[in-house]
Each structure stands twice: as C-alpha cells, then as structure tokens.
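Structure first, commentary second.
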Amino acid sequence: MDEQAAALYRDIAAYEPFNEQEAADKQMILRVLERDPNCFDRSAQAHMACSIWTVSPDFSRTLLVYHNIYDSWSWIGGHADGQRNLAAVALRELQEETGVTHARMVTGAPCGPGGIYSLEVLTVDGHEKRGAYVSSHLHLNVTYLAVADPDEPIRVKPDENSGVRWVPLEDAIRLSTEPWIRDRIYRKLIDKLKARPLSRWQG
C-alpha cells in the first residue's frame, strides 16, 4: 500500500460511523483496501469511488444532477481512476458535472478524519456506457461535504447528465427514483447534517 493509499486507509479506519450501514460498509472498504492493490482502478470488481454532497451556505439546499445512466436525480461523484486523493477527485467531479468551481470543502464537524462525511458500498447494475457494456460491480464510496453558492453559474455535462439544479434538502429524497439510495443514503446525509451542524470549512 503506497503512502497516499495508507493515509486514506487511516482516515477511514479512524472514521466514526453514523449508523449500522456505515459501520458494516466501513469494514468492507477497509478489507478491500488491505487486500487488493488494484482497488483504485475501475477494472476491479469492487473499486474506490467518491461522492460530494454539496449544500448551500445556509444548509437548506443541495445540488443534484439528472444522471443519464441511473435515470434519476442524483448526487455528484465518480471513480478514483488510480487517484488516491479522493477529496480532490470529488471536487473535480463537481466542477466537471455541474460547472461549480468555487465550492469549499468542509473540514470540521460534521466530517471526520480527512474530511470524510460518509461511507457506503454501492451496488452498480450492469449498463451501457459510451456504446460498451459495463458489468455489475461495487463502488467503495467515500463521500465528502462541500458548501457552494447557488448563484454560481451551473451547466450540464451532456455525456453524463441532462440536468443540474439546486433543490431543498428533502427534495433529494422526493426526486430520486432509486429506493435504496433514497431511503438509506440521501436520508442519512440529510439527517447527519441536521444532527451535527457545520462548524467550519476551508476556503
């Protein structure tokens, strides 16, 4: 395990799970990091990915994209693709998918070590992407929390999404067509924000 992967491993190991789902998924992510040096490459059946839960400065709204493959309003994220600095990957995905360039990563409460806001193992069904079939696989997902200005210009990324919009937090659940993501993940992200108010973020 290289130095950056080891740093991520330590952050995840020190992370305090919010609920039973996070506790179970944390252990699976750590096991894969220990055993599979290729887990940062999407060729691995279970591979590292990241998401970025982006909220307005008053914490009342979140930024969603209409994901073409999932056919649902969705949070923002992507594959590690060899990168170990998943926070940097998450910010890059936010910019690429929405056009937002001035988001600020939260570094204090409610985030844990390394700015980790949430952990989850996500199942991805087989699908077509850019004309090729992608087999079913697992995303070992690390979620980060960012604050952005809803007045900043946004735009779609046509090869990945067909809509970008700010919505009230609870609408993330109403607009999702993915029951498990809606009920287990978005519900958790919203509840966690309410239970552990933000204390600071980096500029």
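The values are calculated or read from the model by the stated rules, or taken from the named source; none is laboratory data. Just so it is clear, the structure is predicted and the values come from calculations on it, not from any experiment. Note: ideal-geometry Cβ built from the backbone for every residue, glycine included; neighbour counts use all protein chains shown. Accessible surface is based on the protein model in full, side chains and every heavy atom, while ligands, DNA and RNA are left aside. Shrake-Rupley method; radii C 1.70, N 1.55, O 1.52, S 1.80 Å.
Annotations for the structure displayed:
- Helices in the chain that qualify as membrane-span-like (whole DSSP H runs, Cα extent of at least 24 Å along the helix axis, mean Kyte-Doolittle hydropathy of 1.6 or higher) do not occur.
- Identified option (computed semi-axes √(5λ) of the Cα gyration tensor in Å; candidates [x] 26, 20, 18; [y] 23, 21, 16; [z] 20, 19, 18): [y]
- Here the convex hull built on the C-alpha positions of the stretch 7-52 has a volume of 88 cubic angstrom per residue.
- Between the alpha-carbon centres of the stretch 94-127 and the stretch 29-66 there is a gap of 6 Å.
- FRET efficiency for the GLU3 to TRP180 pair, using the beta carbon distance and R₀ = 30 Å, is estimated at 0.30.
- Full-stretch length increase - ASP149, ALA195 - with 0.36 nm per residue and alpha-carbon distance subtracted: 14.3 nm
- Sites PHE59 and GLU16, calculated FRET efficiency, Cβ-Cβ separation with R0 22 Å, nearest 0.05: 0.60
- Computed over Cα pairs, the Kirkwood radius of the stretch 71-189 leads via Stokes-Einstein (0.692 mPa s, 37 °C) to a diffusion coefficient of 211 µm² per second.
- 1.4 Å probe accessible area per residue over the stretch 137-191, in Å²: 44
- Heavy atoms of the protein chains alone define the surface here; on that basis the stretch 29-128 has 39 Å² accessible area per residue at 1.4 Å probe size.
- Take the Cβ atoms of LEU30 and ILE173, set R0 to 35 Å, and the FRET efficiency comes out at 0.75.
- Relative contact order [Cα under 8 Å, 6+ residues apart], the chain, whole percent: 27
- The listed peptides 176-189, 70-83, 150-163, ordered by packing as a protection proxy, come out as 70-83, 176-189, 150-163 (highest mean of other Cβ atoms within 10 Å first).
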